[in-house]
Amino acid sequence: MSCLFCRIASGEVAAHVVYSDERFLAFLDHRPLFPGHALLIPRAHVDTLFDAPADLLGPLAAATQRVSVAVRDATEADGIFNAINNVVSQSVPHLHVHVVPRRRGDGLFARDFVWRRRPYAGDEEAEATRASIRAAIDELRRG
């Protein structure tokens, strides 16, 4: 078993576990953005959200909510930032949800994440993008 998160889920590699049930495990990130930053993983190996079976998604959302509320309450945070990286910026190829405690004015996005907004050149570009995404969704529904 070469996947680090699978090895953590099996107990082969130690981690600071904050949540565990039959399908999911959450543990503290070893390089947290803030204290309490946890990673929630499915125990069964899934590379990305793209690969996740449909029957995993509802329980994943419920577990994300459960861990997010617990991290918020335990760290006395104002809120929580949840994120899933899929391939790009995904340091471990095993689906995981970042659960990051946030406080107003914590500077997270100013310091570490810069969401540079890039407006569409105009309505034509926005419409072409919308049509392309809609076509992909229609194809997925047919497939």
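The values are calculated or read from the model by the stated rules, or taken from the named source; none is laboratory data. Keep in mind it's a predicted model, so treat the numbers as computed, not measured. Cβ placement follows ideal geometry from the backbone for every residue including glycine, while neighbour counts extend to all protein chains displayed. Keep in mind that these areas ignore ligands, DNA and RNA; they rest on the heavy atoms of the full protein, side chains included. Shrake-Rupley method; radii C 1.70, N 1.55, O 1.52, S 1.80 Å.
With the condition kept exactly as written, say whether any residue in segment 43-54 is touching a residue at least 60 places away in the same chain (Cβ under 8 Å) and among the small types (Gly, Ala, Ser). Scanning segment 43-54 turns up no residue that is touching a residue at least 60 places away in the same chain (Cβ under 8 Å) and among the small types (Gly, Ala, Ser).
Looking across segment 47-85, the residues that are β-branched (Val, Ile, Thr) and under 13 Å from the mean Cα position of the chain (by Cα) come down to Thr48, Thr64, Val67, Ile80, Ile84.
Test Thr48 against the stated conditions and say whether it is among the hydroxyl-bearing types (Ser, Thr, Tyr) and under 18 Å from Pro101 (Cα atoms).
The answer is no for Thr48.
In segment 62-80, the residues that are within 14 Å of Ala26 (Cβ to Cβ) form no Cβ pair under 6 Å with any partner that is open to solvent by less than 40 Å² (accessible area, probe 1.4 Å) and among the basic types (Lys, Arg), whether six or more places apart or across chains.
Looking only at residues in segment 1-23 that are β-branched (Val, Ile, Thr) and open to solvent by 40 Å² or more (accessible area, probe 1.4 Å), the one that is nearest to Glu76 (Cα to Cα) is Val18.
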